[in-house]
Structures are given as C-alpha cells and as structure tokens.
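Novice: Can you keep this structure in mind? I'll have questions shortly.
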Amino acid sequence: MNAPDGFRFDFHPGTIVAGAGCVATLGEELDARGYERAILVSGQTVGTTPAVVEPIRDGLGDRLVAEFPETTPEKTLGTALAGLRRAREADADVVVAVGGGSTLDTAKALCALDSYGPAAEDAARDAVESGDLSVAEADPIPLVAVPTTLAGADLSDLAGVTLTLDRGIPTDGSPPSGGVSDPRLMPEALFYDAELYRTTPTSVLAASAMNGFDKGLEALYSPLATPITDGTAARGLRLLAPALGTIRQEQMDGARLEDILSGIVAVQYGLAGADGYRASIIHAFGHGFSHGYDVHQGTIHGVLAPHVLRYVFDRVDGRRDRIAEALDVTTTGGPEATAAAIIGAVADVRDDLGLPNRLRDVQGVGQTDFPAIAAAICDDDLLAVAPEGIDPDPQDVVAILERAW
C-alpha cells in the first residue's frame, strides 16, 4: 500500500548494539536471553584474523564452545549443513555469525536447516531437488550477527543460498540459487563494532558500501515505501553520502565511521518486512551478475546505478524530490534538473569510493554476455517491486548495459 493512501508496517528487528568495542558485551546479551553455548561462524579470512575474532572470543568468554570458520562467497547449502553438524556436535544453543553477507546468509541457512531436527540432512537434499528451502514448524537455533561489511543485508530475515550439497561450486556448471525467508531468521541481536570494520579490506568495504547506499535510494522509490521507511532511508542517505569517501583513508575518521554505521543501519531499517522487500530494480541488475562473475555486487551497483536511475527518471517521477532532499542536492531547475542532480550525486558517491564507472573495466564481463545477463535480470523477483510504471523488457535491459559499457 502506498504511503499517501495509508500504510502497514510490520518489522521486528533484533536488538541493535553499535559503537567501538561493543562486542565486549556479547556475553551479556547472550546471558540476558538465556543462551549458554555459542558457535562462532565466519569465513576463513575473518576467522583467522586476530583483530576480529579475539575481541569476539573475549566478549563471549566461556560461552564459546565451537568455531566454524569455513563459510565461502559461494554460500552453498552444503556449507550450511557442515556448519550445522559442527553446532550439534558442540551442543550449541546459539549461532554467532561474523562477517559479510555470504557468512550471514550461510548462517541463516544453517538455522533454517536446524528447524528440521534430525531430518536436517533430508531437508537439505529436498531443497536441492525442489529448488526451495523453507523453515519447518519447529523453531530454528537463534542467530546473533556481527557484520563486518556495509552491504546492508543484516537487519533481514532473508537469505540467499546456492542449492548444492557440495562445499564449493562444481566445475561442470553453476547450481541454481535459492532463498529462504522466515521471521524467525531475523538475528536476535546485531553488533556494529567500528573497530572490526577497520580490519575489512578497503576494496571489500567500498564495494559493499555502494550496495548498502543503494538500499536507501531504493527504499524511497519502492512501491512499498512507508513514512517510516522514508524517514529511516532518508536519514541513512544523509549520513552516508558525505562520509563514505572516508573509507579509503588510511586511518578512517572515527566520527565518520560511526556515521557510516548509523547510516547503514538506518537505510536497511524496515527494508525487509513481513509486507515485502523494499530493494528494487538496481538490486535486480546487480543480481544479474551474481553467477558466473567474480565481482562484488556493489561494484556492479556502482557502474549501473546512475544508468538505471536515468532509465527510471525518464519514465516516471520516481519520488525524485524526496530522494533529492535526502541527498541534499539542488532541485530548483525542474524535474529534469532534479533527476540529473540525483544521478550526479550517486555517481559522486561511487567515485568517492573508488569504484569503476564502466562495465568494460569490470574483469570478466563482456558485451556478448549481455543477453544472458538481461534474461537473468528480467527473471529477478525484485523487478516486481520496481517503481510503479517501470517494467523493462530484455531489450531495455541490454540497452542500459550497453550505455554502461
């Protein structure tokens, strides 16, 4: 339901804890919820980086009973199943996931499989065969999230997963992607510790930041926008736009980093509610490159967001005045000038982050791939929540990709 006609907002996030050194209170948060045995889930790099894991281990204390530093960018169902086996061997009663989107998605898939009890292995095989993973009637093991990137998919009960029981992607082809969504997969607590973000490679942090920034843009023109998400998205963009460029500084400014984390929390607040997901067409374009290309989604966002916005603004209003206000850009020259100012501001954010501005500069992407990429984009579920009046066909998508080349 559109905001001017009334709205329904159903969003139940976990407890949000933010601030430098806040992971020191992890144990207190678990105690308050009655959890005693935590498994730490992460990727190999994060799991072997003392500056990240030692503060978390200290925060958990003797509640930490197992570690699973084995998630991968492929986020396969097989990896989630292996993590569940480790959790059960240790009799864990809570998952603490540390890292980026791939780790958090894998942890949510682990939790979903746990809801099947002793039938978890069968449930995983069924998911591969059916192309669908769901959560059973029994409650899954609870999840606590400690993000270390800025993609803005933390305050969510959604997860993407690659539907194979292998731990990696087979060389003979790419298995299909699936998703799982259930309110019980929302992390019960989330810790945004500025000190941990300083350990993330700048290139990863910058690309993820573009992804997170675009969530704020899209929440504003989503057909599911509400006055609440308008407020949080606009505030988030206002914090992010002037601050994101400081990510590339050798020593990130502490106050700016706090602004960035506050902004990332704000833009995703309410993004994934029971009434739908408020990311939209830019994210659908990013998903078109999610298989077969070793490139961060945020890098693709950086190249394509200005071109996708141009396509949108050429056809509909796209709530451009609201977006312009959030980005603090001049709007005195009429609708076209407003659109141009928004597109310029988004390109400036990308440039401040040091991301490519042409598809030809993205390794592994070729123009001959465009028809297949366009087909994947047009099949993406998020096109269904594009701004009202926007419904690109494959030819439209290829034309956008060509302009971005």
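Read the figures in this text as sums done on the coordinates, not as results from a lab. For clarity, every value in this text was computed on a predicted model and none was experimentally measured. As a convention, Cβ positions derive from the backbone with ideal geometry for all residues, glycine included, and neighbour counts pool all protein chains shown.
Novice: Over all distinct Cα pairs, what is the inverse of the mean 1/r for the range 227-341, reported as the Kirkwood hydrodynamic radius in Å?
Specialist: Numbers: mean 1/r = 0.0634 Å⁻¹.
It works out to 15.8 Å.
Novice: For each of ASP361, ASP275, count neighbouring Cβ atoms within 10 Å of the residue's Cβ, then give the residues from fewest to most.
Specialist: ASP361, ASP275
Novice: With the dipole of the chain worked out from charges on the C-beta (+1 for Lys and Arg, -1 for Asp and Glu) around the Cα centre, which of LEU143, ALA189, THR368 lies farthest toward the positive end?
Specialist: In the chain, that residue is THR368.
Novice: Check each of the trypsin sites (Lys or Arg not before Pro) in the range 32-63 and keep only those in coil by DSSP with at most 11 other C-beta atoms within 10 angstrom; list them in order. Don't skip to the end; give the middle numbers.
Specialist: On the way: sites: ARG33, ARG37, ARG57, ARG63; in loops: ARG37.
In loop regions of the range 32-63 (DSSP not H, G, I, E or B), there are no sparsely surrounded trypsin sites (Lys or Arg not before Pro).
Novice: Okay, next question. Zone of HIS12 (label point 7 Å along Cα→Cβ, backbone N under 20 Å): which residues in the range 91-112?
Specialist: Zone members listed by number: 94-95, 108-112.
Novice: What is the fewest-to-most order of PHE11, PHE285 by other Cβ atoms lying within 10 Å of their Cβ?
Specialist: Details: PHE11 19, PHE285 31.
Fewest-to-most Cβ neighbours within 10 Å comes out as PHE11, PHE285.
Novice: Right, here's the next one. Compute the signed sum of charges (Lys and Arg +1, Asp and Glu -1) over the other residues within less than 14 Å, Cβ to Cβ, of HIS283. Don't skip to the end; give the middle numbers.
Specialist: Numbers: positive: LYS215, ARG278; negative: ASP214, GLU218, ASP379, ASP380, ASP381.
Result for the local shell: -3.
Novice: With a/c under 1.5 counting as rounded, go ahead and sort the range 257-405 into rounded, prolate or oblate using the C-alpha gyration tensor (a ≥ b ≥ c being the square roots of the eigenvalues; past the cut-off, prolate if a/b is larger than b/c, else oblate). Walk me through the numbers on the way to the answer.
Specialist: Details: a/c = 1.33, a/b = 1.30, b/c = 1.03.
In terms of gyration-tensor shape, rounded.
Novice: For the range 274-405, what does the relative contact order come out to in percent, with C-alpha contacts under 8 Å and a separation of six or more?
Specialist: On the way: 152 pairs, mean separation 47.9, N = 132.
With pairs under 8 Å counted, the relative contact order is 36 percent.
Novice: Taking just the C-alpha trace of the range 177-286, give me its Rg and Dmax in Å.
Specialist: 14.4, 41
Novice: Something else now. Which whole-number percent is the relative contact order of the range 3-196 (Cα, under 8 Å, 6+ apart)?
Specialist: It rounds to 28 percent for the range 3-196.
Novice: Another one. When Lys and Arg each count +1 and Asp and Glu each count -1, what net charge do the other residues less than 14 Å away from ARG315, Cβ to Cβ, add up to? Numbers along the way, then the final one.
Specialist: Values: positive: ARG310, ARG319, ARG320; negative: ASP314, ASP317, GLU336, GLU388, ASP391, ASP393, ASP396.
Taking every other residue near ARG315 into account, the sum is -4.
Novice: Estimate the FRET efficiency between ALA136 and THR72 by the formula 1/(1 + (r/R0)^6), using the beta-carbon distance for r and 22 Å for R0, to the nearest 0.05.
Specialist: Details: r = 25 Å, r/R0 = 1.15.
It comes to 0.30.
Novice: Still on this structure: About its Cα centre, how strong a charge dipole does the chain have in debye, to the nearest 20, once Lys and Arg get +1 and Asp and Glu get -1 at the Cβ? If you can, show how the numbers build up before the last one.
Specialist: Working: 29 positive and 60 negative charges, 151 e Å.
I would put it at about 720 debye.
Novice: Ok, one more. Roughly how big is the range 3-196's charge dipole about its Cα centre, with Cβ charges of +1 (Lys, Arg) and -1 (Asp, Glu), in debye to the nearest 20?
Specialist: The calculated dipole for the range 3-196 is roughly 220 debye.
Novice: Additional query: Over the chain, what is the mean sequence separation of C-alpha contacts under 8 Å (at least six apart), divided by residue count, expressed as relative contact order in percent?
Specialist: Values: 825 pairs, mean separation 63.3, N = 405.
After rounding, I find 16 percent.
Novice: How about the range 257-330: which trypsin sites (Lys or Arg not before Pro) there are in a DSSP loop, with at most 15 other Cβ atoms within 10 Å of their Cβ?
Specialist: Numbers: sites: ARG278, ARG310, ARG315, ARG319, ARG320, ARG322; in loops: ARG278, ARG315, ARG319.
Within the range 257-330, the qualifying trypsin sites (Lys or Arg not before Pro) (loop, at most 15 other Cβ atoms within 10 Å) are ARG315.
Novice: What FRET efficiency comes out for GLU325 versus ALA375 if R0 is 30 angstrom and r is the Cβ-Cβ distance? Round to the nearest 0.05.
Specialist: Using R0 = 30 Å, I get an efficiency of 0.25.
Novice: Right, here's the next one. Where the centre of each part is set by its Cα atoms, how far does the range 298-356 sit from the range 103-128, in angstrom?
Specialist: 40
Novice: At a 10 Å Cβ-Cβ cut-off, how would you order THR200, THR229, fewest neighbours first?
Specialist: Neighbour counts put them in this order, fewest first: THR200, THR229.
Novice: Please report, to two decimal places, log10 I(q)/I(0) for the range 1-157 at q = 0.14, 0.16, 0.20 Å⁻¹ as given by the Debye formula with identical point scatterers on the Cα atoms and no solvent.
Specialist: Log10 I(q)/I(0), no solvent term: -0.70, -0.89, -1.30.
Novice: Something else: Take the alpha-carbon centre of the range 235-294, take the same for the range 13-36, and report the distance between them in whole Å.
Specialist: 23
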